[in-house]
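J.: A single structure is presented below for examination.
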Amino acid sequence: MSDKITIAVSKGRIFDEAMPLLAQLDIVPRDDPVESRKLILETNQANIQILIIRATDVPTYVERGAAELGIAGKDVLMEYSGDGLYEPIDLGIAKCRMMLAGVKGAGPITDRPRVATKYINITRDYFANKGQQVEIIKLYGSMELGPVLGLSDWIVDLVDTGNTLKANGLETLEHIADISSRLIVNKAAMKMKPALIKPILNQLSDIIGNKE
Ligand code: AMP
C-alpha cells in the first residue's frame, strides 16, 4: 500500500462545503475542479489528493480501496448496499431532508400508490416498514415531473428550501430522513494506514465538535 491518501468527493454542494473543513486541516486543493476539469486534484500536502467523482460512486471507490477516504451524503450511503465502509463522522454539511411529496391538495391515494424516485432501496424500505404496498418507479432525475405528468402519485426526493417542490405545484407529505454528509473510510486502510488516517479523523472530529 502506498503512503498516499486519496479523498473521494463529488462536485457541487458537497465539494463547496467540504473544502473549508479540509482547509482547517491545512488540506487545500491546488486547482478548482470546475475550472481545471481535472478529476484528480493535487493538494498542498504532497501525500494527499482529492478525487472528483459522481456522488453515487463515492462509496464504491472507498469500499474497494481506490480511495482511502470519501465524503458522501447520507442519502447515497442509505441507498448503497455495501459493508466495507466505516462511517465515523457526521460532517454536518450539505444538510437537507429526504421527503415523500405529492401534488398539492391531491388528498389520499386510494389505489396502490405509484412512487417515482431514484432512491429505490430507501423507498422500498420506508414503505415496507410502514406495511404499505406501493409501486416504485425508478427515475434518474427531475422526479418532480412524475406527479405533475401523472407518471406517479408521489415522489421520494431530497428537499432543502422546498422551492423546487413549490415551483412544480408539489407539497411535502412525510419526512423520511434527515440527511447530511458523512466522512467514510475504507476498512483495510484504517488498519494499514492509521498514522495517516487517524490524525485526519481526530482533527475533523475536533472541528465538528467545536462547531456544535
Ligand atoms: P430545494 O428547492 O432547495 O428544496 O432543493 C431541492 C433540489 O435540490 C432537489 O432537486 C434535490 O434533489 C436537490 N438537493 C437539495 N439538497 C441537496 C443535497 N444536500 N444534496 C444533493 N441534492 C440536494
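J.: What's the total number of residues in region 65-86 that are at pLDDT below 95 and touching a Leu at 6+ places or on another chain (Cβ under 6 Å)?
T.: 0
J.: If only one of Asp57, Asp32, Asp90, Asp16 is touching a residue at least 60 places away in the same chain (Cβ under 8 Å) and not polar (S, T, N, Q), which one is it?
T.: From the options Asp57, Asp32, Asp90, Asp16, the qualifying one is Asp90.
J.: Can you tell me which of (1) outside any loop (DSSP other than H, G, I, E, B); (2) surrounded by fewer than 21 Cβ atoms within 10 Å (Cβ to Cβ); (3) of a type in the set (A, V, I, L, M) is the one Ala46 doesn't meet?
T.: Of (1) outside any loop (DSSP other than H, G, I, E, B); (2) surrounded by fewer than 21 Cβ atoms within 10 Å (Cβ to Cβ); (3) of a type in the set (A, V, I, L, M), only one is false for Ala46: (1).
J.: Let me ask another. For residues that are open to solvent by 50 Å² or more (accessible area, probe 1.4 Å) and among the polar types (S, T, N, Q), scanning just region 100-149, find the one that is nearest to Ser10 (Cα to Cα). Full working, then the answer.
T.: Here is the first cut: in region 100-149, the ones open to solvent by 50 Å² or more (accessible area, probe 1.4 Å) are 103-106, 108-112, 114, 118, 120, 124-125, 128-133, 135-136, 138, 140, 142, 145, 148-149.
With among the polar types (S, T, N, Q) added as a condition, the list becomes 110, 129, 132-133, 142.
Numbers: Thr110: 40, Asn129: 31, Gln132: 34, Gln133: 34, Ser142: 19 Å.
Going through the qualifying residues, I end up with Ser142.
J.: Can I ask one more? Just checking: which of the helices (runs of 4 or more DSSP H) contained wholly in region 107-212 hold 3 or more residues that are away from the ligand (no atom under 14 Å from the Cβ) and touching a residue at least 60 places away in the same chain (Cβ under 8 Å)?
T.: On the way: elements: 120-130, 145-148, 163-167, 187-192, 194-211.
Result: 187-192, 194-211.
J.: Now for a different question. Can you work out which of the residues in region 1-23 that are open to solvent by 60 Å² or more (accessible area, probe 1.4 Å) and under 22 Å from the mean Cα position of the chain (by Cα) is nearest to Leu204 (Cα to Cα)?
T.: Pro20
J.: Follow-up question, since we're still on this one. Just to be sure before I move on: is Arg64 open to solvent by 60 Å² or more (accessible area, probe 1.4 Å) and within 15 Å of the ligand (Cβ to nearest atom) in the structure I sent?
T.: Working: open to solvent by 60 Å² or more (accessible area, probe 1.4 Å): yes; within 15 Å of the ligand (Cβ to nearest atom): no.
No.
Conditions (1) over 20 Å from Ala94 (Cα atoms); (2) among the charged types (D, E, K, R); (3) touching a Pro at 6+ places or on another chain (Cβ under 8 Å), marked per residue:
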| residue | (1), (2), (3) |
| --- | --- |
| Ile109 | yes, no, no |
| Tyr119 | no, no, no |
| Leu145 | yes, no, no |
| Asp153 | yes, yes, yes |
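J.: Same structure, new question: Restricting the search to region 68-99, which residues are assigned to a loop (DSSP other than H, G, I, E, B), open to solvent by 30 Å² or more (accessible area, probe 1.4 Å) and under 23 Å from Pro194 (Cα atoms)?
T.: Result: Gly82, Asp83.
The values are calculated or read from the model by the stated rules, or taken from the named source; none is laboratory data. This structure is a prediction, so every number in the text was calculated from the model and none was measured. Using ideal geometry, Cβ is built from the backbone for each residue, glycine included, and neighbour counts are taken over all protein chains shown. These area figures cover heavy atoms from the full protein model, side chains too; ligands, DNA and RNA do not enter into them. Shrake-Rupley method; radii C 1.70, N 1.55, O 1.52, S 1.80 Å.
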